[in-house]
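K.L.:
After the structure tokens below, expect a handful of questions from me.
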Amino acid sequence: MLHKALIILTAFIVFYSCSKDDESGYVMKPEEGEYLSGGKNGTIVNNSEEAFGFFSRGLTSDQETDFGIGNSFFRQSWITAPATATARDGLGPFFNAISCASCHFKDGRGRAPEYDGELGTGLLLRLSTSQQDVHGAYLPDPVYGGQLQDVAINGVDAEAAYTISYEYITEMYPDGSSAELRKPTYNIQGYNYGDMTSDLHVSPRVANQMIGMGLLEALSESTILAAEDITDADADGISGKANYVFDRTSNTTKLGRFGWKANQPTVRQQVAGAFSGDIGLTSSIFPEETFPSGFDGSTIISGGEPEVPDAVLDRVVLYSSTLAVPARRDYDTDEVLKGKQIFNDIDCAKCHTPKFTTNNSYYIEANRNQEIRPYTDLLLHDMGEGLADHAPDFLADGNEWRTQPLWGIGLISVVNGHTYLLHDGRARNIEEAILWHGGEAENAKNEFKSLSKEERDQLIAFVQSL
């Protein structure tokens, strides 16, 4: 009986310290260290427009130097070869942007173009077919490859252009209020090298903020797979699934972690893939030039073999792996704490997992053994027909997307001057992003819609604090 009484008393104390009820007087408090989104090493206290651009604590002096060098290559523009600046030539001949920072401005999030012809905003169109290669990757368009490159160097016609139009949809709340959603349609036009295949899948992808990538890579595979529930064995309607993708460095299949469909296994391959597809630069991982079929590339001068040497690639990877995560703001206010409770109550946290601990063997020591709060499970989830791109990607089907990490979401407006969210930027704010959730998140969305206006604002305030 004494043991049972102690259990009840302990439970009461925990409840008392973690909840708030104006009538009862209970006080809600944040968790210890809750504001440290990137752990003790990987968190930076900064709310300015530079908030996404700081390195983690605990780097060696050599790593800090490499971070600075990687930053310079990330931000500065690449130019066509030949050039006197031989370390930065080799652009194109087909590309989407002239620098990493063109899409990840201030290491932040891109957006869809505001008007036709605007360049360097961070949206691109992935191209694929229904056929797979021996590694399980879906084959690209036979003429234009795996990505539409809508810009080219002087004297070369770009592959094609595209425009975006929006359909506006009214979403009603049970209380009679409403919100307006916008659904994009993409029209590719002006093909300069022949028609695309009739078996074509087009998937728009917006560039994400760069923070915390190395911390996510430092999570052990077993930690991520612990939440996998492909058959929904617990019958909660949520069935996270890991993506397994081809790792070019090891020539093996590995767990996917990065990209909107978790189609890249490592930060290194993610970075090299962006150099290749976005800027038209070769590397040891992607040594092939990206030309449309039928284009004569023999007259195009290379910027080197490869154009991004491993010494440069290594530094950009180190930079991308050690960008710190901004600390939480307003995490201890009543409004945000109430919103956090609602976030958990309506099961948002079942996919946007709040907390993990990184492993003790990651190659960057500063990222080891960090208690991080990324609010993702890095798994694939069916998000419903409304968000479907119908473009499979390794094991991801056309309705599935990787759970987006939420850390830093509240500072996108400060760093990048907009609040556009989701894989194509269709959502103009957090509320719209929630209302686009479907599939496995349909119940959570409906629970959100059933909240009072005050409760919805509290949940949004919580997400805004991340």
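The values are calculated or read from the model by the stated rules, or taken from the named source; none is laboratory data. Keep in mind it's a predicted model, so treat the numbers as computed, not measured. When we count neighbours, we look across all protein chains shown, and the Cβ atoms used for this are built from the backbone with ideal geometry, even at glycine. Only protein heavy atoms, including side chains, enter the accessible area calculation; ligands, DNA and RNA are left aside. Shrake-Rupley method; radii C 1.70, N 1.55, O 1.52, S 1.80 Å.
K.L.:
Select from the stretch 246-279 the residues that are open to solvent by less than 30 Å² (accessible area, probe 1.4 Å) and at positive phi and list them in ascending order.
P.N.:
Matches in the stretch 246-279: GLY259, ALA262.
K.L.:
Please find, within the stretch 352-385, the residue that is most open to solvent (accessible area, probe 1.4 Å) out of those that are closer than 30 Å to LEU435 by Cα, touching a helix residue (DSSP H, G or I) at 6+ places or on another chain (Cβ under 7 Å) and not in a loop (DSSP other than H, G, I, E, B).
P.N.:
ASP382
K.L.:
Something else now. Within the stretch 153-170, does at least one residue satisfy the condition of being assigned to a loop (DSSP other than H, G, I, E, B), on the phi > 0 side of the Ramachandran plot and open to solvent by 30 Å² or more (accessible area, probe 1.4 Å)?
P.N.:
Yes, the stretch 153-170 has at least one match.
K.L.:
Quick one: GLY194 ticks every box in (1) open to solvent by 10 Å² or more (accessible area, probe 1.4 Å); (2) closer than 30 Å to ASP314 by Cα; (3) not hydroxyl-bearing (Ser, Thr, Tyr) bar one, so which box is it?
P.N.:
So GLY194 meets the others, but not (2).
K.L.:
Report the residue count in the stretch 340-351 for those that are out of contact with any Asp or Glu (no Cβ under 8 Å at 6 or more places or on another chain) and open to solvent by less than 50 Å² (accessible area, probe 1.4 Å).
P.N.:
The qualifying residues number 4.
K.L.:
Continuing with this model, one more query. For the stretch 204-245, how many residues meet the condition of being small (Gly, Ala, Ser), crowded, with 16+ Cβ neighbours inside 10 Å and part of a helix (DSSP H, G or I)?
P.N.:
Here the count works out to 1.
K.L.:
I'd like to know if the stretch 88-97 contains one or more residues that are surrounded by fewer than 19 Cβ atoms within 10 Å (Cβ to Cβ) and touching a residue at least 12 places away in the same chain (Cβ under 8 Å).
P.N.:
no
K.L.:
Does ARG57 meet the test of being open to solvent by 60 Å² or more (accessible area, probe 1.4 Å), in a loop (DSSP other than H, G, I, E, B) and basic (Lys, Arg)?
P.N.:
Answer is yes for this residue.
K.L.:
Continuing with the same structure: If you scan the stretch 90-127, which residues turn out to be more than 20 Å from the chain's Cα centre (by Cα) and at pLDDT 95 or above?
P.N.:
Answer for the stretch 90-127, where residues must be more than 20 Å from the chain's Cα centre (by Cα) and at pLDDT 95 or above: GLY90, LEU91, GLY92, PRO93, PHE94, PHE95, ILE98.
K.L.:
Quick check on the stretch 392-401: of everything there that is touching a Gly at 6+ places or on another chain (Cβ under 9 Å) and closer than 23 Å to MET213 by Cβ, which residue is most open to solvent (accessible area, probe 1.4 Å)?
P.N.:
Selected residue: LEU395.
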